[in-house]
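Participant: This is the structure, below, for whatever I ask next.
The values are calculated or read from the model by the stated rules, or taken from the named source; none is laboratory data. Just so it is clear, the structure is predicted and the values come from calculations on it, not from any experiment. Positions of Cβ are generated from backbone atoms using ideal geometry, with glycine treated the same way; all protein chains shown enter the neighbour counts.
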Amino acid sequence: MATSIKNSLILLTFLAFIIIQGFCDCSLNNINIGTVRSGREIKGKPEWEVTVINNCSCSQSKIQLSCKGFQSSESVDPSVFAKQGDSCLLVNGGPLKAFSSVNFSYAWDPPFLLLPSSSLVGHDCS
Ligand SMILES: *[C@@H]1O[C@H](CO)[C@@H](O)[C@H](O)[C@H]1NC(C)=O
Ligand SMILES: *[C@@H]1O[C@H](CO)[C@@H](O)[C@H](O)[C@H]1NC(C)=O
C-alpha cells in the first residue's frame with residue numbers, strides 16, 4: 001500500500017515535470033543572433049551591429065556566446081558583452097527576458113561568428 005502511494009507520487013512528479021517542461025520549452029536554440037553591417041568604419045574596420053534575441057517565452061540568463069579570438073577596434077561595453085577567454089558573457093550574466101533583445105556594436109574585419117554556447121533557462125515563463 002505504502003509502496004503504491006510512493007509510486008503514484010513519483011509518477012505525479014514525473015508528469016508535472018513533463019508539463020512544466022512543455023510550457024517552458026526554451027533552450028539555446030531560442031537564442032537568435034543577427035549581425036548586420038552598420039555602414040560605418042571605426043579605425044579602418046567595418047562596424048557590425050549585433051542583436052541577440054531570446055526568442056522564447058521564458059527568460060534566459062548567464063548567456064554565453066562562443067567568441068574565440070574576438071577583438072574590436074571600437075570599445076564594447078563590458079556590461080553588455082564581456083570577453084572571458086573563448087566565450088563572451090552577455091549582460092553581466094543577467095536575464096534576457098522573454099522575447100526581448102539586446103544589441104551592441106563592434107568593428108573588425110572579417111566579422112566574428114558568434115554562437116550561443118550556454119544559458120540558464122528561467123522559470124518565469126509568460
Ligand atoms: C523566433 O522563432 C520563430 C519560430 O521558431 C521564428 O519563426 C522566428 O523567425 C524567430 N524570430 C527571430 C527574431 O529570430
Ligand atoms: C541598438 O539598436 C538601436 C535601435 O536600432 C540603435 O539605436 C542603437 O544604436 C543600437 N546600439 C548599439 C550599441 O548598436
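Participant: It is to be established whether one or more residues within the range 65-83 are of a type in the set (G, A, S), surrounded by fewer than 17 Cβ atoms within 10 Å (Cβ to Cβ), at pLDDT 95 or above and touching a Lys or Arg at 6+ places or on another chain (Cβ under 9 Å).
Facilitator: yes
Participant: Considering only the range 28-68, state which residues are over 16 Å from the mean Cα position of the chain (by Cα) and closer than 11 Å to L114 by Cβ.
Facilitator: Kept after step one, since they are over 16 Å from the mean Cα position of the chain (by Cα), are these residues of the range 28-68: 36-49, 68.
The answer is W48, K68.
Participant: Within the range 109-125, can one find any residue that is of a type in the set (A, V, I, L, M, F, W, C), in contact with a Phe, Trp or Tyr (Cβ under 7 Å, 6 or more places away or on another chain) and either free of Cβ contacts under 8 Å to residues at least 12 places away in the same chain or away from ligand 2 (no atom under 16 Å from the Cβ) (or both)? Before you say what the answer is, go through the steps one by one.
Facilitator: Filtering the range 109-125 down to residues of a type in the set (A, V, I, L, M, F, W, C) leaves 112-115, 120-121, 125.
Then keep just the ones that are in contact with a Phe, Trp or Tyr (Cβ under 7 Å, 6 or more places away or on another chain); that gives 112, 125.
Those still in the list that are either free of Cβ contacts under 8 Å to residues at least 12 places away in the same chain or away from ligand 2 (no atom under 16 Å from the Cβ) (or both) too: 125.
The answer is yes, given that some residue of the range 109-125 is of a type in the set (A, V, I, L, M, F, W, C), in contact with a Phe, Trp or Tyr (Cβ under 7 Å, 6 or more places away or on another chain) and either free of Cβ contacts under 8 Å to residues at least 12 places away in the same chain or away from ligand 2 (no atom under 16 Å from the Cβ) (or both).
Participant: What do you reckon, is D77 more than 16 Å from ligand 2 (Cβ to nearest atom) and either out of contact with any Asp or Glu (no Cβ under 6 Å at 6 or more places or on another chain) or not charged (D, E, K, R) (or both)?
Facilitator: Numbers: more than 16 Å from ligand 2 (Cβ to nearest atom): no; either out of contact with any Asp or Glu (no Cβ under 6 Å at 6 or more places or on another chain) or not charged (D, E, K, R) (or both): yes.
So D77 fails the test.
Participant: Would you mention how many residues in the range 77-114 are more than 19 Å from L28 (Cα to Cα) and assigned to a loop (DSSP other than H, G, I, E, B)?
Facilitator: Here the count works out to 8.
Participant: Being within 16 Å of ligand 2 (Cβ to nearest atom) and either at negative phi or at pLDDT below 95 (or both), is that true of even one residue in the range 14-32? Don't jump to the end; show me each part of the working.
Facilitator: Of all residues in the range 14-32, those within 16 Å of ligand 2 (Cβ to nearest atom) come to 32.
Still in the list and also either at negative phi or at pLDDT below 95 (or both): 32.
Yes, the range 14-32 contains a residue that is within 16 Å of ligand 2 (Cβ to nearest atom) and either at negative phi or at pLDDT below 95 (or both).
Participant: Sort out which residues of the range 39-57 are under 18 Å from F104 (Cβ atoms) and buried (at least 16 other Cβ atoms within 10 Å of the Cβ), and write them in order of number.
Facilitator: I42, K45, P46, E47, W48, V50, V52, I53, N54
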